[in-house]
Amino acid sequence: MECDKKYITIQQLEQHNKAGDLWISINGKVYNVSDWSKYHPGGETPLLNLAGKDVTDAFTAYHPTTAWQYLNKFFTGYRLKDYEVSEVSKDYRNIIHEFTKAGMFENKGHTAVFTLTSVAAMFGFVFYGVLCCNSLWVHLCSAMVLGMAWIQSAYIGHDSGHYIVMSGHGWNKFVQLITGNCLTGISIAWWKWTHNAHHIACNSLDYDPDLQHIPVFAVSSRLFNSVTSSFYGRKLEFDYMARILISYQHWTFYPIMCVARVNLYIQTLLLLFSKRQVQDRTLNIMGIIVFWTWFPLLVSWLPNWSHRVMFVLTSFVVTSIQHVQFCLNHFSANVYVGPPNGNDWFEKQTNGTLDISCSPWMDWFFGGLQFQLEHHLFPRLPRCHLRQVAPLVRDLCNKHNLPYNSLSFWEANELTIRTLKMAAMEARDVNNSGVSKNLLWEAVTIHG
């Protein structure tokens, strides 16, 4: 009966917002996940970011209907007093319900099979070109194909990380390790750690790791206040060196993207050999060993050092297309400071993402992630459906006066560079940066 139910206020819920005392609300019912958070398949970070909040929309976005049956064992007996659902959340949940009824989350199409086949064919070409040919031009083409194979492998790793490639959890994990660790040298454990935090705290300057690139890049002058990263647990220092680098970031953006892959290798090793809790650490390390066995051996088979340097650099430069694309999706979108709020999930995703408009035949090239907003709203939806649902998302944004940002690849590049240049110009302003000028600084920045 209604009179037998116990209630707490949102203010009381917000007090349980840390590790060891972590409560959340789903559909107005309050759950204590303090002890279970470290076993959460998506990692503890997403739960910590939303601790003490209603997380209904985020939970619905990330979990299939079968997950709801496990909530009862965490129920505190409390319900949220004066629990209300916004109109945009009602519409959002209705869309997810319709997608579920239509079986769209389970219907994965043939995209993954096609992509996996193309990746296998590309790797076959690469090994043939390196092992069986001595021509510089063949080796150059092989390097370019390897870069494209890495891009497509990353897309499959991304999709399997969201468990939308194979039907079973175990098979998805297998695909993750093969396409991520073994083929690209980038740990799926590192990807999950950062990517899940990114989805939950999309474009939060202090909670989203995908925007925390100081001292190299800064998308907003608010980062000049040396904000503390909740994700890394340290201050992002805007010091003298950061000011110099960021002042020219609109010029260095593309060159850095050409070697950005090196940073991913470093981040992978730093995580796997750190003291942090890492799911499947041993499997991830074994996969990385596989990569760092076959790739150096392949490169060593080339006839001389000029071929080897050319081969590695070319393959890295090709993958820069993907690194640029990921930046386009978020760098020029709206940002905010502070933790995400569970009650404005839809709004935060629309404000923090940018779609890349393209022809259907380019969907394979962009891995479906040109529909960035659609993917953020429906991370469990296989990429073969993203183009189909885009008009529904656009209509919902129009209905609630929310932005639906979609630009061509060229336009998105222009907007991103303008965003970086604006922050660069502000970094040069001593009044904004708080870093004193000197003669060296004047000499470096005199030409603008």
- Query: Based on what the data block shows, is residue 268 loosely packed, with under 13 Cβ neighbours inside 10 Å and in the same structural domain as residue 189 (by the TED database)?
  - Reply: no
- Residues of segment 129-147 classified as under 28 Å from residue 370 (Cα atoms) and open to solvent by less than 40 Å² (accessible area, probe 1.4 Å), total: 5
- Query: For residue 387, are the conditions met, namely being closer than 24 Å to residue 150 by Cα and either under 16 Å from the mean Cα position of the chain (by Cα) or in a loop (DSSP other than H, G, I, E, B) (or both)?
  - Reply: no
- Pairs, please: C-beta under 9 Å, at least 6 apart or cross-chain, first residue polar (S, T, N, Q) and in segment 379-397, second surrounded by 18 or more Cβ atoms within 10 Å (Cβ to Cβ)? 388/104
- Task: State whether the residues of segment 424-435 include one that is modelled with pLDDT of 90 or more, among the hydrophobic types (A, V, I, L, M, F, W, C) and in contact with a Phe, Trp or Tyr (Cβ under 9 Å, 6 or more places away or on another chain).
- Result: yes
- Message: Between 165, 113, 126, which is crowded, with 22+ Cβ neighbours inside 10 Å, within 21 Å of residue 383 (Cα to Cα), over 16 Å from the mean Cα position of the chain (by Cα) and not small (Gly, Ala, Ser)?
- Response: 165
- Task: Taking residue 302 as meeting all but one of (1) of a type outside the set (Asp, Glu); (2) in contact (Cβ under 8 Å) with a residue 60 or more places away in the chain; (3) assigned to a helix (DSSP H, G or I), write down the number of the exception.
- Result: (3)
- Being buried (at least 16 other Cβ atoms within 10 Å of the Cβ), among the hydroxyl-bearing types (Ser, Thr, Tyr) and assigned to a helix (DSSP H, G or I), is that true of even one residue in segment 217-232? yes
- Message: Condition first: at pLDDT 95 or above, under 21 Å from residue 195 (Cβ atoms) and touching a helix residue (DSSP H, G or I) at 6+ places or on another chain (Cβ under 7 Å). Can you find one or more residues in segment 414-421 that meet it?
- Response: yes
- Query: Can you name the number of the only condition in (1) part of a loop (DSSP other than H, G, I, E, B); (2) open to solvent by 20 Å² or more (accessible area, probe 1.4 Å) that residue 66 fails?
  - Reply: (1)
- Can you find a residue in segment 238-256 that is without any contact (Cβ under 8 Å) to a residue 12 or more places away in the chain, open to solvent by 60 Å² or more (accessible area, probe 1.4 Å), outside any helix (DSSP H, G or I) and among the charged types (D, E, K, R)? no
- Query: Is it the case that segment 308-326 has a residue that's modelled with pLDDT under 95 and over 25 Å from residue 192 (Cβ atoms)?
  - Reply: no
- Residues of segment 385-414 being open to solvent by 50 Å² or more (accessible area, probe 1.4 Å) and not polar (S, T, N, Q), in sequence order, are 387, 391, 392, 394, 395, 399, 409, 410, 411, 414
- Restricted to segment 3-40, and to residues that are open to solvent by 60 Å² or more (accessible area, probe 1.4 Å) and without any contact (Cβ under 8 Å) to a residue 24 or more places away in the chain, which residue is farthest from residue 173 (Cα to Cα)? 3
- Item | Search result, residues across segment 332-366 that are part of a loop (DSSP other than H, G, I, E, B), at pLDDT 90 or above and open to solvent by less than 10 Å² (accessible area, probe 1.4 Å) | 352, 353, 354
- Item | Scope segment 96-136; condition in a loop (DSSP other than H, G, I, E, B) and over 30 Å from residue 58 (Cα atoms); matching residues | 133, 134, 135
- Message: Given the criteria open to solvent by 50 Å² or more (accessible area, probe 1.4 Å), assigned to a helix (DSSP H, G or I), closer than 16 Å to residue 188 by Cα and of a type outside the set (Val, Ile, Thr), does residue 284 qualify?
- Response: no
- Item | Check on residue 74, open to solvent by less than 80 Å² (accessible area, probe 1.4 Å), aromatic (Phe, Trp, Tyr) and over 30 Å from residue 277 (Cα atoms) | no
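The values are calculated or read from the model by the stated rules, or taken from the named source; none is laboratory data. All of these numbers come straight from a predicted model, not from anything done at the bench. When we count neighbours, we look across all protein chains shown, and the Cβ atoms used for this are built from the backbone with ideal geometry, even at glycine. The accessibility values were calculated without ligands, DNA or RNA, using every heavy atom of the protein model including side chains. Shrake-Rupley method; radii C 1.70, N 1.55, O 1.52, S 1.80 Å.
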